[in-house]
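Asks: Could you have a look at this structure, given as C-alpha cells, before my questions?
Coordinate-derived values only; no laboratory data. The structure presented is a predicted model; accordingly, all values stated were derived computationally and were not measured. Here the Cβ positions follow ideal geometry from the backbone for every residue, glycine too, while neighbour counts run over all protein chains shown.
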Amino acid sequence: MIHGIKGVKDILPAEIARWQAIEGTARRLAMLYGYQEIRVPVFEVTELFARSIGATTDIVEKEMYTFHDRDGTSLTLRPEATAGAVRAYIEHNLAASPTAQKLYYLGPMFRHERPQAGRLRQFHQFGVESFGSADPRADIEVISLLWRFLSDLGLPDLTLEINSLGEASDRSAYKAILLDFLKKREDRLCQNCRRRMDTNPLRVLDCKVPECKAATEDAPKLTDHLSSSARRHFDDVLAGLSTLEIPYVLNPRLVRGLDYYTLTTFEVTSRRLGAQNAVGAGGRYDGLVEVLGGPKTPAVGFAVGLERVSLMLPDAAVPAPPMMVFVATFGEQGAAAGLRLLHELRALGVRADTDYRASTLKAHLRQADRLGAAFTLIVGDDEVAKGRLLLRNMRTKEQEELPLSTAVKALVARLGQG
Ligand code: ATP
Ligand code: MG
C-alpha cells in the first residue's frame with residue numbers, strides 16, 4: 001500500500017471537532033475585530049519568499065519545498081502566508097481602498113523540517129495582517145486578538161513575550177555594538193553563530209544552543225538603544241496591553257533578523273508544549289510592502305500554529321455535537337416512510353441519520369447508540385399500515401406510540417423545550 005508522507009498528517013473525523021472549534025473561534029474573533037478573510041495560493045514563485053522572508057533565514061536556507069514548473073520557473077509551496085498576502089495586497093491595489101485593510105487567513109503551510117511532536121512538514125496557521133496603520137493601537141489590536149484567541153480556547157500556561165526592534169537606523173547602530181560584544185566571545189559561540197555573526201548578528205541572540213545563550217546572556221540590549229520615537233511606540237504598546245490587562249514579559253532577545261521587521265515583535269509560548277513551545281508569533285513589518293514593490297505601507301500581524309493549539313486544547317473547548325435522531329425502518333413501506341421522516345427532520349434543522357445496512361431492530365438500536373442518538377423513530381410496514389410509529393428515548397429506553405403524520409412536529413416541539 002501507499003503511505004502518506006512523513007510529517008504530513010491526515011486529520012481524521014475523530015479529531016475534526018477540535019479543528020472546527022479552533023477554526024470557528026478564529027473566524028468568529030477575526031470578524032469581531034474587523035478582519036476579513038483572504039485566501040492566497042499555496043504556491044508562489046520562489047523569489048517572493050526569498051525576498052520577503054530573507055535569504056539568511058532557516059526557512060529560506062533549508063526548509064522550503066521548491067520545484068521547477070514545466071517552463072523552468074522556480075516555484076515554492078508557501079512556508080508562511082504573509083508573503084502571499086503582501087503580494088496580493090500590492091497586486092490588487094488594496095492600498096487604494098478607503099477602508100483599512102485588515103486581513104486574516106487560515107490554511108496549510110509547508111516546511112521541510114525534522115518531524116516531531118508539534119513540528120510537521122504540512123502544518124496549519126491562523127494569521128492576521130493589519131495594513132496601513134503605524135499607530136501603536138494597531139499593534140495592541142493584533143496582540144489582543146491573538147491573546148483572546150488563545151484564551152477563548154482555554155489554552156493553559158501562556159506567556160506573551162515582547163520586544164522592540166526599533167527603527168532600521170536604531171538597529172544598524174545597535175548591530176555594531178552587538179558585533180563588538182560578540183567578537184570578544186567568539187570562541188564560546190557555535191559554528192553557525194560564528195558564520196552568521198557578521199551578516200546578521202541579531203540572529204545570534206535567537207540561537208537555541210545553550211552555550212550561545214550563556215555567552216550572550218549579558219549582551220547589550222536593543223531596547224537600551226531605541227530612538228525616542230521607537231521608545232514612545234514601544235511604551236504606548238506596553239501601556240495599551242496593561243490597559244487591556246494582557247500580561248507580558250519583556251524579552252530583549254526576541255529578534256527577527258531582517259531589516260523590514262521594525263518596532264514591536266512578540267511571541268506567545270506555553271510551558272505545556274515542551275521543546276516546541278512557541279504557539280504563535282508576530283510583529284511589525286513596516287518595510288515589507290515596499291521591499292516587494294508596493295507603496296510604503298506600515299503593517300503588523302501574527303501567525304499561530306494550529307497543531308500546537310490543538311495539542312493543548314482542553315476537551316471542554318470542543319462543543320458537543322447537536323442532539324441526533326435516529327430513524328430505524330423495516331420493510332418496504334417502513335423504508336419509504338423513513339425516507340420522508342429523515343427528510344422532514346433534516347429540513348427542520350434536526351440532525352438525523354439511519355443505517356441502510358441494518359435490518360433488525362437490535363442492529364438499528366446498536367447503531368443509534370454508537371452514533372449517540374438521543375431518540376430513535378421506529379417504523380415498519382405494520383406501523384405504516386396503522387399510521388403510527390414508535391418514539392424511543394435512547395437514554396431511558398421508554399417507547400411511546402405517535403401518529404406517523406405528526407410525529408416529527410411533536411418530537412421537534414419536545415426537543416425545543418428540552
Ligand atoms: P519555531 O521556533 O517553532 O521553528 P518559527 O519561528 O519557525 O517557529 P513562525 O514562522 O513564526 O515559526 O510561525 C508561527 C507559528 O507557526 C509557530 O509559533 C508555530 O506554532 C507554528 N509552526 C511553525 N513551524 C511549524 C511546523 N513545522 N509545524 C507545526 N507548527 C509550526
Ligand atoms: Mg521554524
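Asks: Can you figure out the FRET efficiency of Glu400 with Ser359, using R₀ = 30 Å and their beta-carbon distance, to the nearest 0.05?
Replies: The pair Glu400/Ser359 has a calculated efficiency of 0.80.
Asks: How much mean residue ellipticity at 222 nm does the chain get from its helices, if each DSSP H run of length 4 or more adds -39500 (n - 2.57) and you divide by all residues, to the nearest 500 deg cm²/dmol?
Replies: When only DSSP H runs of four or more count, the value is -11500 deg cm²/dmol.
Asks: Which peptide among 18-26, 135-143, 271-279 comes first, and what is the full order, when sorted by highest mean count of other Cβ atoms within 10 Å?
Replies: Per-residue mean Cβ counts within 10 Å order the peptides as 135-143, 18-26, 271-279.
Asks: On a 25 Å Cα-Cα criterion, which of the cross-link pairs Lys183/Lys208; Lys362/Lys386; Lys62/Lys183; Lys102/Lys208 come out too long?
Replies: Too far apart for the 25 Å limit: Lys62/Lys183; Lys102/Lys208.
Asks: Another one. Under the rule a/c < 1.5 gives rounded, and otherwise a/b versus b/c splits prolate from oblate, where does region 324-417 land using the Cα gyration tensor?
Replies: Here region 324-417 falls in the rounded category.
Asks: Decide, for region 146-243, between rounded, prolate and oblate: order the square roots of the alpha carbon gyration tensor eigenvalues as a ≥ b ≥ c, take rounded if a/c falls under 1.5, and otherwise choose prolate if a/b is larger than b/c, else oblate.
Replies: Here region 146-243 falls in the oblate category.
Asks: Continuing with this model, one more query. Just to be sure I understand: with springs between alpha-carbon atoms less than 10 Å apart, which residue in Gly349, Gly34, Gly293 has the highest mean-square fluctuation in the Gaussian network model of the chain?
Replies: Greatest mean-square fluctuation among the candidates belongs to Gly349.
Asks: Ok, one more. Quick one: among Gln36, Gln191, Gln399, which has the greatest mean-square fluctuation in a GNM of the chain with alpha-carbon springs under 10 angstrom?
Replies: Of Gln36, Gln191, Gln399, the most mobile in the Gaussian network model is Gln399.
Asks: How high is the relative contact order of region 324-417, in percent, counting Cα pairs under 8 Å that sit 6 or more residues apart?
Replies: Computed value for region 324-417: 30 percent relative contact order.
Asks: Evaluate the relative contact order of region 375-417 (contact order divided by residue number), counting alpha-carbon pairs under 8 angstrom at least 6 apart; express in whole percent.
Replies: 30
Asks: Using the alpha-carbon atoms, what tilt in degrees (0 to 90, nearest 10) does helix 361-370 show relative to the longest principal axis of the chain?
Replies: On a 0 to 90 degree scale, this one is about 20.
Asks: Given the options Pro201, Pro252, Pro210, which has the most mean-square fluctuation in a GNM of the chain, springs set between C-alpha atoms less than 10 angstrom apart?
Replies: Highest fluctuation of the listed residues: Pro210.
Asks: Sorted by mean Cβ packing within 10 Å, highest first, what order do the peptides 124-133, 84-93 take?
Replies: In descending order of packing, they fall as 124-133, 84-93.
Asks: In addition: Using the Cα centre as the reference, give the magnitude of the dipole from point charges on the C-beta atoms of region 227-372 (Lys, Arg: +1; Asp, Glu: -1; all else neutral), rounded to the nearest 20 debye.
Replies: In debye, rounded to 20, region 227-372 gives about 280.
Asks: Points 7 angstrom from Cα along the Cβ direction at Thr73 and Ala96: gap in nanometres?
Replies: About 2.3 nm, to one decimal.
Asks: For Gln333 and Arg366 in the same chain, what is the full-extension length gain: residue separation times 0.36 nm, less their Cα-Cα distance, in nm?
Replies: This chain segment gains 9.7 nm when fully extended.
Asks: Put +1 on the Cβ of every Lys and Arg and -1 on every Asp and Glu Cβ in the chain; which of Gly372, Tyr261, Ser229 then has its Cα farthest towards the positive end of the dipole?
Replies: Result: Gly372, furthest along the dipole toward the positive end.
Asks: Still on this structure, please answer the following. Normalised by the residues of the chain, what does the relative contact order come to in percent, with Cα pairs under 8 Å and at least six apart?
Replies: About 15 percent, as a whole number.
Asks: In addition: Rank by packing, highest mean first: peptides 52-61, 104-113, 5-14, with packing defined as the count of other Cβ atoms within 10 Å averaged across residues.
Replies: So the peptides 52-61, 104-113, 5-14, ranked by packing, come out 104-113, 52-61, 5-14.
Asks: Now for a different question. Relative to the Cα centre, what is the charge dipole magnitude of the chain, using +1 at the beta carbon of each Lys and Arg, -1 at the beta carbon of each Asp and Glu, and rounding to the nearest 20 debye?
Replies: Approximately 700 debye in magnitude.
Asks: Further question: Please give every one of the aspartates and glutamates within straight-line cross-link reach of Lys397, meaning a C-alpha to C-alpha distance under 13 Å, and leave out same-chain neighbours fewer than 8 residues apart.
Replies: Asp369
Asks: Follow-up. Apply the Debye scattering formula to the chain, with a single equal point scatterer on each alpha-carbon and no solvent, then give log10 I(q)/I(0) at q = 0.08, 0.10, 0.13 Å⁻¹.
Replies: -0.59, -0.78, -1.10
Asks: Taking the 0 to 90 degree range and rounding to the nearest ten, how far is the long axis of helix 136-152 tilted relative to the main principal axis of the chain, both from C-alpha atoms?
Replies: That works out to roughly 40 degrees.
Asks: Also, I was wondering about something else. If I take R0 = 30 Å and measure r between the Cβ atoms of Ser151 and Ala176 in this structure, what FRET efficiency does the formula 1/(1 + (r/R0)^6) give, to the nearest 0.05?
Replies: 0.15
Asks: Within a Cβ distance under 12 Å of Ser151, other residues only, what is the Lys/Arg minus Asp/Glu net charge?
Replies: Overall, the nearby charge balance is -2.
Asks: Given labels modelled 7 Å from the Cα in the Cβ direction, how far is it in nm from Glu61 to Asp198?
Replies: 1.5
Asks: Determine, from the Cβ-Cβ distance of Ala17 and Ala413 and an R0 of 30 Å, the FRET efficiency 1/(1 + (r/R0)^6), rounded to the nearest 0.05.
Replies: That gives a FRET efficiency of 0.60.
Asks: Hey, what angle do you get for helix 331-347 against the long axis of the chain, alpha-carbon based, 0 to 90 degrees rounded to 10?
Replies: Here the helix axis deviates by roughly 40 degrees.
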